[in-house]
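The values are calculated or read from the model by the stated rules, or taken from the named source; none is laboratory data. Note that the structure is predicted; figures quoted are calculated from it, not measured. Neighbour counts are summed over all protein chains in view; Cβ atoms, including those assigned to glycine, are modelled from backbone coordinates with ideal geometry. Accessible surface is based on the protein model in full, side chains and every heavy atom, while ligands, DNA and RNA are left aside. Shrake-Rupley method; radii C 1.70, N 1.55, O 1.52, S 1.80 Å.
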Amino acid sequence: MECPKEPLESQCSLSEIDDFDLTRALDKPRLKIERKRSFDERSMSELSTGYSRHELDMAHSPGSRSFVDTPLSYVRNSFEPHPMVAEAWEALRRSMVFFRGQPVGTIAAYDHASEEVLNYDQVFVRDFVPSALAFLMNGEPDIVKNFLLKTLQLQGWEKRVDRFKLGEGVMPASFKVLHDPVRKTDTIAADFGETAIGRVAPVDSGFWWIILLRAYTKSTGDLTLSETPECQRGIRLILSLCLSEGFDTFPTLLCADGCSMVDRRMGVYGYPIEIQALFFMALKSALSMLKHDEEGREFIEKIVKRLHALSFHMRNYFWLDFQQLNDIYRYKTEEYSHTAVNKFNVMPDSIPDWVFDFMPLRGGYFVGNVSPARMDFRWFSLGNCVAILSSLATPDQSMAIMDLLEHRWEELVGEMPLKICYPCIESHEWRIVTGCDPKNTRWSYHNGGSWPVLLWMLTAACIKTGRPQIARRAIDLIESRLHRDCWPEYYDGKLGRYVGKQARKYQTWSIAGYLVAKMMLEDPSHIGMISLEEDKQMNPVIKRSASWTC
Ligand code: GLC
């Protein structure tokens, strides 16, 4: 149905663009489809085949109801919810942060027993994402809207590290609300990397912000927020940081160590999969929200070109399966010119021993990093799940990632979902790569630790690929421990059996991640908020040796 009030040039409905066609995206204008109807239709068509008719019947579109105390999931089901759900909601609400009376986010951890607060009393952008999704899925969008607007305001601050001014578009890693009980005023302090350990700006924050803005829009049907000049400018500023021309020969984004969830030195500098997958997802999300006015059009053109190049690069050079591993094993080196097969001059001798045993005949994944003569073969969960959700992975690749998870359950999931990366690094390698970081010893924290927050991304990926039974298995594991252990931030050990050495308790994203996973399984239509459909145009038939000329 056409919406009569909107000027044509500003129209670009989310539901339409999700299965966007890149060539069409350039010749706007397009018509806006009536919001509510399109959501319902898409939700249903997005559902994967892993659901019974009964389960699909339970799927519903979000209403405007706001249950402040009662989680919607209680009301919806006739069966008893797991007792952990009520406790999780209570803990999530306890973590809410208010600014001048309005909820604006959730703190990272509410761990009063811990002596060291560090910055866990702040609202982290990446940590708030699962909280936001939980609130959206429960029909409480206000806190999400306030968060998006507050962080947008913070983006406008001047940011400096010593005498160096950061880019305008940088979003904060975290912020803190300071209450003055005497003057009865609230003020905000934000961190853009200038006080963070290692002084690294959070590259992921801006991407998560865009992804969350789309989730809010998709869930509420409220286009008025993303269409404000402020939000449009915010999106453009974030993207200007990544779409500017420089010396790059690759469409991937060059990053420093510690610029994302893995916010310490862990050898993920270069082109980490986490950032590339989030970059791809943010580009696609932005495409669905940018207005087709003069400024917007310029960006849309750049985004479309970048998406083409990025998906090609990632699907070819980051993808590893049995065949590809065997090809790399047999690579010649020192090749020159366009005909080179081993384009990045990867030395077969640099393939670590573990990967030969790890790689199943069926299955595959996006490796951690690819740059000249350096391929990081480690598996990273977040990047691979986001690759599925954003459709950076082709349908075949998505299936292969799930196959790998099934085959390597013990290694990647073990007793606590989900390993942040696999395997860990130890001994001499640990010394060199982490700089002797005592927090990142083997099978701990970012170095092969298990992070319950990743459950929501795994569940979403399972739903999207039609394998909800995998998510159920992971949720069962979580339900046997998490609550009893007071919702730790991470677990240690090869199987993820031990509560992490320095793990916070009542870590908000562990709590929210569980709730989101539960709500998505109960009502798979929620997946539409954080899933983007594949674009057929970006799925070229690939000849390995011809990429530079394509
Ligand atoms: C740790 C994590 C980071 C998270 C922060 C707050 O620094 O590495 O990803 O955002 O804690 O929970």
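Listed by first and then second residue, the pairs linking a residue in the stretch 358-373 that is farther than 13 Å from Q397 by Cβ to a residue that is part of a strand (DSSP E or B), with Cβ atoms under 6 Å apart and 6 or more places separating them unless they lie on different chains, are G368/D376; G368/R378; G368/F380; N369/G270; N369/D376; S371/G270. Filter the stretch 237-257 down to the residues that are within 13 Å of the ligand (Cβ to nearest atom) and crowded, with 23+ Cβ neighbours inside 10 Å and list them by number. Scanning the stretch 237-257 gives no hits. Y120 falls short on exactly one of the conditions (1) away from the ligand (no atom under 11 Å from the Cβ); (2) crowded, with 18+ Cβ neighbours inside 10 Å; (3) more than 23 Å from C231 (Cβ to Cβ), and that condition is (1).
Set side by side, the residues M261, M266 differ, and just one is within 16 Å of the ligand (Cβ to nearest atom) and within 13 Å of the chain's Cα centre (by Cα), which is M261.
When you check D523 against the structure, is it in contact with a Lys or Arg (Cβ under 9 Å, 6 or more places away or on another chain), more than 22 Å from G383 (Cβ to Cβ) and not β-branched (V, I, T), yes or no? In short, yes. Say we look at the stretch 123-144 and pick out the residues that are over 18 Å from S226 (Cα atoms) and part of a loop (DSSP other than H, G, I, E, B); which of these is nearest to the ligand (Cβ to nearest atom)? Out of the qualifying residues, it is N138. Where helices (runs of 4 or more DSSP H) fall entirely within the stretch 401-493, those with at least 2 residues that are open to solvent by less than 10 Å² (accessible area, probe 1.4 Å) are at 455-464, 468-481. No other residue among F377, F366, F344, F356 is in a loop (DSSP other than H, G, I, E, B) and of a type in the set (A, V, I, L, M, F, W, C) apart from F344.
Cβ separations smaller than 6 Å between residues 6+ apart or across chains give the following pairs from the stretch 388-412 residues that are free of Cβ contacts under 8 Å to residues at least 40 places away in the same chain and within 17 Å of L454 (Cα to Cα) to residues that are open to solvent by less than 10 Å² (accessible area, probe 1.4 Å) and of a type outside the set (G, A, S): L412/L405; L412/K419. Of note, G296 does not satisfy the criterion of being at pLDDT 95 or above, closer than 20 Å to A373 by Cα and open to solvent by less than 30 Å² (accessible area, probe 1.4 Å).
Does any residue of the stretch 145-162 turn out to be open to solvent by 30 Å² or more (accessible area, probe 1.4 Å), within 16 Å of the ligand (Cβ to nearest atom) and within 14 Å of G193 (Cα to Cα)? Taking every residue of the stretch 145-162 in turn, none turns out to be open to solvent by 30 Å² or more (accessible area, probe 1.4 Å), within 16 Å of the ligand (Cβ to nearest atom) and within 14 Å of G193 (Cα to Cα).
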